[in-house]
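Colleague: Take a look at this one; I'll ask things after.
The values are calculated or read from the model by the stated rules, or taken from the named source; none is laboratory data. Just so you know, these numbers come straight off a predicted model, no measurement behind them. All Cβ positions, glycine included, derive from the backbone under ideal geometry; neighbour counts span all protein chains shown. What goes into the accessible areas is simple: the full protein's heavy atoms, side chains included, and nothing from ligands, DNA or RNA. Shrake-Rupley method; radii C 1.70, N 1.55, O 1.52, S 1.80 Å.
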Amino acid sequence: MLANGHMIGKEFTFENTLMRQVLSFKNNMISIQSVFDKKTQKELIAENALPYFEFQINKNTVTSSMPVWEFIKYEERSLVNQGLEYIFYFEGKGSYKGLKIELYRQYFQNSTLTREKIHLKSTKGYNFQLNKKEGKLHLIYPRLCLNNSTEGSIQEIQMANYLYWNHTFYPAVRNHTMTDDNELFLKGPFSVTYTGKHQVMLTYEHASQDEANSFRLSEVTSKKKGDIDESQGVEGDETDIKDENFWFITHHYKQSGNTRTIATELLRGGYFDNEKIPYDSYYETVWNSFSFIGKDEKIEPLIHNYLFSQITEHPKSRESHFYYNTWAMQRELNKKGHDLREVLTEERILREIDYVAEMNIELFVLDDGWEEALGAWSPHQKRLPNKLTPLVSRMKDHNMTPGIWLSPMAIDSLFERYRQYPEWIIRRSDGIPIVAQWGKPVFDIVGPFSELFLEDCKNLIDQGIRFFKWDAMNTFNSSLSGLYHGDNTYTKKERIERYNYLFPFYVTRIMKELQEYNKDVVVEIDLTEPERCMIGLMPLQEGIFFFINNGASAYGDYSTYRTKSMRTVINEYGHFFPKELFTYAVHPHDMAPYRAQRYNINNALIAGHGFWGDLSRLTPEERVDIGKTLVKAKRVRPYIEGTMIDYDAKVGASPEIYTQVDSMHAFGQVIGFSGSKVKFPYKLSLNRSQLLGILNHPYTSNHESISMEFHFNKPDDTIEAFLIGNEGEKISVISSTGQLDDIQLGNNLLVIKVASTSTVCVKYGDKKLIKVIGGSVISENTDEITLRSEAGGSISIIFENIL
């Protein structure tokens, strides 16, 4: 029994290999009775715990400990991510008759993580309202009271600190200290507390920038309107921007004796005072999670697994693809005098698709310019007279996924949709529309417009699109009344806070409905400017992030400087965030004087996986060579998807090594950079019996490890090595003095293609060698042969009974 939940009387027990949890519904109350760690045989939940949840309803404080919650039933659902979801249904009694609670809890095999949320519903004919308490929101859920034998430290992990120097978001890890009778309020969305025996992690799944730092620095002004890079902000927003504007939910810590209480609480925007709990839908909390590990274990793998699989039921969003985006090509041609969007013609796009095919790219993204106009999401009639059909057809001919750019909220005022829905346009207090990206008005998405945009995307899916890039989703601070975030009975400030709180709910819901419409659809959210309010955990339930455009550099920078700026993303986040959650693009060009092509491509192999720029400036040979490298990367990719990257150096270090290897199956890649000329001996523990060989770098091995001598021959040099497993065939090229370009094993035949002059040693155990073709034999014994081959040569070895 790996994982199982069952009811005995009024108690529900979930048990897996690591823990046992007990929920009690006795006496019409709801409580977490026990969280028991099987490994340490320790109980985490303190006696006499405070209520699991606490709301303010109909002017009264309502808690889980009140005897008013009649348990009705539970349902079980198997999750796509191999978890189990249980939905517990409760109905109120007495004064709360007609009030319903649905408690969602998700558990996983071989994991202590529990993911949960609550839905509140009314029964038709009953009136229940959420209220403020003493002028503040009062919704506490979940609340845990932990056995805690030490004051200890608390670690807060934020993920959305915008640093303007590199024009991107960064994580921030902050350590806090708790003392008795002290309180601590943390934004998170991750916080980790030490209890003496355990580390306990809490998360909540919402989205918002962490601070006002760099906010409105890129606002549109009259002198900047001619610059596409500066026209990224918002003009006309009258909101006074402070850090507190972005803080909607908090982790509230309190220490009392040997009990540490952790509560997730609403601060702002979560509901209106006197907001009715609906009968025909529901009021929902965000998803929260709780998990624990031993006091000496690392927290990073826990976070990594949570974000890669447990937070999502959309595994397609976790598949990596090498992609091409047209935007930098458009920018390069724009610098030469061409119109930025007019260059995106059917003829030019078809040519780029063919170029990209030579590079073995898997995803092609049409950026801004394919559309009739912003908000008019149909192909441009002149540039794309045959619509998307020939483009999608050509992409599919090359086994590429068709992708497309949208700015979901933007609308060109010259088009009918703008005139048709004036009440959806976000405006200043004087009624004039705010000016957002590229000098255009924007729709309020927390309202009926969300359904209209959903249909826009479905229409594009029907035309073959399977990947969306959603741009310019900023904090627009809408105070519009009469939509889904309040009417004129609430203040402007309240309507703005409600809008900003609900914004990620509506966007993520659209993402979810699109992947339900077509399971192959993936959405990435563009986070490349300050003010992008969708950075957080909620959108990762369904999609991924396009994280950085140029960082500290600019379009057209073919040097290693821009590439280093790109790499800061994975270098800062990669210890705990899966690489599959981030995309960004490099220039694959080999322009003088930089000659940084290999450096840039290797950067894309680690994470980001994107390429852009004018591909006509690459020779056909260059495009084909890049394609050969990507073939090697794709060969190892299935074995390293979802694995953590091992690295311990900052960008620019000498050296800076990124290891992604499945040591059990001997597949993976090692990518290295160095800020200066240096030699570095590299060694990796590995089950050599599973190794077929290593491509692109000389190596030696023994039974338990492989070794490579990395020579970085100049500043900003780079190396790459691809480890290929033998899939259990027990034939290994155990060493090579030169670079191997390819190794294939099948049908009793081993083929080794040599890139540089090499002496190779092949170990074949109890297999019988029949014939050698190519190369010159240097030595041979019963289970091993050593051969030499010149650069460009090939060695074929035929075995008997290899299978």
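Colleague: Yes or no: segment 333-344 includes at least one residue that is in contact with an Asp or Glu (Cβ under 7 Å, 6 or more places away or on another chain), farther than 28 Å from VAL631 by Cα, surrounded by 18 or more Cβ atoms within 10 Å (Cβ to Cβ) and free of Cβ contacts under 8 Å to residues at least 60 places away in the same chain.
Modeller: no
Colleague: Another question, then. Quick one: count up the residues across segment 365-395 that are open to solvent by 40 Å² or more (accessible area, probe 1.4 Å) and either outside any loop (DSSP other than H, G, I, E, B) or among the aliphatic types (A, V, I, L, M) (or both).
Modeller: Residues meeting the conditions: 5.
Colleague: Only residues that are surrounded by fewer than 13 Cβ atoms within 10 Å (Cβ to Cβ) and among the polar types (S, T, N, Q): list them for segment 777-795, please.
Modeller: SER779, ASN781, THR782, listed by residue number.
Colleague: Something else about it: Please report, ordered by residue number, the strands (runs of 3 or more DSSP E) entirely within segment 36-127 with at least 3 residues that are basic (Lys, Arg) and modelled with pLDDT of 95 or more.
Modeller: Where strands (runs of 3 or more DSSP E) fall fully within segment 36-127 and carry at least 3 residues being basic (Lys, Arg) and modelled with pLDDT of 95 or more, they are 114-122.
Colleague: Can you name the residue in segment 593-644 that is open to solvent by 10 Å² or more (accessible area, probe 1.4 Å) and of a type in the set (Asp, Glu) and, of all such residues, is nearest to the chain's Cα centre (by Cα)?
Modeller: Here the answer is GLU641.
Colleague: Please name all residue pairs, on different chains or six or more residues apart, with Cβ atoms under 8 Å, provided the first residue is in segment 34-59 and is farther than 21 Å from THR285 by Cβ and of a type in the set (Asp, Glu) and the second residue is in a loop (DSSP other than H, G, I, E, B) and modelled with pLDDT of 95 or more.
Modeller: ASP37/LEU18; ASP37/LEU44; ASP37/THR112
Colleague: Next question. Suppose we keep only residues that are within 24 Å of ASN213 (Cα to Cα) and small (Gly, Ala, Ser) within segment 146-192. Which one would you say is most open to solvent (accessible area, probe 1.4 Å)?
Modeller: Filtering segment 146-192 for residues that are within 24 Å of ASN213 (Cα to Cα) and small (Gly, Ala, Ser), the one most open to solvent (accessible area, probe 1.4 Å) comes out as ALA172.
Colleague: Which condition from (1) free of Cβ contacts under 8 Å to residues at least 24 places away in the same chain; (2) under 22 Å from ALA633 (Cα atoms); (3) charged (D, E, K, R) is the one that LYS396 breaks?
Modeller: Tallying (1) free of Cβ contacts under 8 Å to residues at least 24 places away in the same chain; (2) under 22 Å from ALA633 (Cα atoms); (3) charged (D, E, K, R), LYS396 fails exactly one: (1).
Colleague: Only residues that are surrounded by fewer than 21 Cβ atoms within 10 Å (Cβ to Cβ) and either in contact with a Cys (Cβ under 9 Å, 6 or more places away or on another chain) or part of a loop (DSSP other than H, G, I, E, B) (or both): list them for segment 286-300, please.
Modeller: TRP287, LYS295, ASP296, GLU297, LYS298, ILE299
Colleague: Does at least one position in segment 783-792 carry a residue that is assigned to a loop (DSSP other than H, G, I, E, B), charged (D, E, K, R) and either over 46 Å from the mean Cα position of the chain (by Cα) or closer than 15 Å to LEU749 by Cα (or both)? Give the derivation first.
Modeller: Here is the first cut: in segment 783-792, the residues assigned to a loop (DSSP other than H, G, I, E, B) are 783, 790-792.
Keeping just the survivors that are charged (D, E, K, R) gives 783, 790.
If we keep only those that are either over 46 Å from the mean Cα position of the chain (by Cα) or closer than 15 Å to LEU749 by Cα (or both) as well, we get 783.
Looking through segment 783-792, at least one residue is assigned to a loop (DSSP other than H, G, I, E, B), charged (D, E, K, R) and either over 46 Å from the mean Cα position of the chain (by Cα) or closer than 15 Å to LEU749 by Cα (or both).
Colleague: I'm checking my understanding of the structure. Among residues of segment 682-697 that are open to solvent by less than 40 Å² (accessible area, probe 1.4 Å) and assigned to a loop (DSSP other than H, G, I, E, B), which one is farthest from SER794 (Cα to Cα)?
Modeller: Filtering first and then ranking leaves LEU686.
Colleague: Oh, and also: Taking VAL356, is it touching a residue at least 60 places away in the same chain (Cβ under 8 Å) and either in a loop (DSSP other than H, G, I, E, B) or β-branched (Val, Ile, Thr) (or both)?
Modeller: Against the criterion (touching a residue at least 60 places away in the same chain (Cβ under 8 Å) and either in a loop (DSSP other than H, G, I, E, B) or β-branched (Val, Ile, Thr) (or both)), VAL356 qualifies.
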